[in-house]
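To start, the structure itself, in structure tokens.
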Amino acid sequence: MNNMERELLYRLLTFNTGLHGYKETIRVGELPPDFPFVLPAEAAVLGSLEQRYPVRPVVGQGMQMVRRNHCRVMLDATLPPTEFLARLREQLPALWQDFPWPPHQMGGFLDSVRQEHLNLYNPELELTLHVEAVTVGGKTQAALNLHSQSTADMERMLVHRQIHENQFTLRVPEGVTVYPDGSSGGSGQWNFTATLETDLSASDLLNGFSQELATQGWAEQTRNVTGSAASANWTGDSGVVLMTLRPMESGFMAQMMVSQSGDTQSNTGSSSFSF
């Protein structure tokens, strides 16, 4: 890599017109000097990106914008993802407690690649630790994120998560790229939209979704295909899943509505879409 390439990568990583007043440091092959724990011997550090904000006194009343320090470390590991995360968890001090993260669960259409996660919080250091590990090309790649967070904030986030803990998830078929566009709802009633980039037909997509939903206890009831567009519904013991697929230039706009409460029979009576 020549000097121009290094300078370009550094600017791409650090240039941000929306946030000022913080110090950003990139280290190649190194951890920050005050990193709070020792990594397993099975981890090889590719590098780290650290963002630090000055400590400011809280003044005035109302909502305050709090900017928190963040550190991201990229790793390679010689163990499979689940074994590497287990090894990391074993050697951490007892003060690191398991904690659900993120505070709002990701729901709706999810990528076909299943990442393994480790989520911990240290109330003494007031740090969250979120680690993602995935197999890429037969090798384990991991991203480790440390984020400063007060205990009071974490307690509020836990309450928020409990409200949304039943959010519905559905993996897209292998090879499909998913771009979530939004979600709404709660208490078992959910609406999700996403852009699905794929060469598959609408029927092929619905076949893949039916296989995935069957593993969760949902059975396909009806399917309508009109040209390149399609709709379908599935029922289970607790409700109904309704989906539409509308063609786009490189795939489909997908909309999914899920009801996991109430009378299934009354829901299925109106479970159809029009294009």
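Data overview
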item	result
Computed lengthening from Glu24 to Ser203, 0.36 nm per intervening residue step minus Cα-Cα distance	59.7 nm
Whole-Hz couplings from phi, Karplus 6.51/-1.76/1.60, listed for the stretch 5-13; x for Gly and Pro	5, 4, 5, 5, 4, 5, 5, 4, 6
Residues Val136 and Thr169, FRET efficiency given R0 of 25 Å [Cβ-Cβ distance, rounded to 0.05]	0.70
List Met154, Met1, Met248, ordered by accessible area with a 1.4 Å probe, largest first	Met1, Met248, Met154
Heavy-atom accessible area order for Tyr121, Tyr10, largest first, 1.4 Å probe	Tyr10, Tyr121
Along principal axes, Cα extents of the stretch 138-250, largest first, whole Å	53, 38, 27
Per-residue ³J(HN,Hα) for the stretch 189-206, Karplus 6.51 cos²θ - 1.76 cosθ + 1.60, θ = phi - 60°, Hz, x for Gly and Pro	10, 9, 10, 10, 10, 7, 9, 10, 8, 6, 9, 5, 7, 4, 5, 5, 4, 5
Table column - 3J(HN,Hα) (Hz), the stretch 151-157, Karplus curve with 6.51, -1.76, 1.60, x for Gly and Pro	4, 4, 5, 5, 5, 5, 5
Cα-Cα separations in the stretch 217-259 greater than 17 Å, expressed as whole percent	34
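The values are calculated or read from the model by the stated rules, or taken from the named source; none is laboratory data. Nothing here was measured: the structure is a model prediction, and the numbers come from that model. Quick reminder, even Gly has a Cβ in these numbers, built from the backbone with ideal geometry, and neighbours come from all protein chains shown. Surface areas here come from the heavy atoms of the whole protein model, side chains and all, with no ligands, DNA or RNA. Shrake-Rupley method; radii C 1.70, N 1.55, O 1.52, S 1.80 Å.
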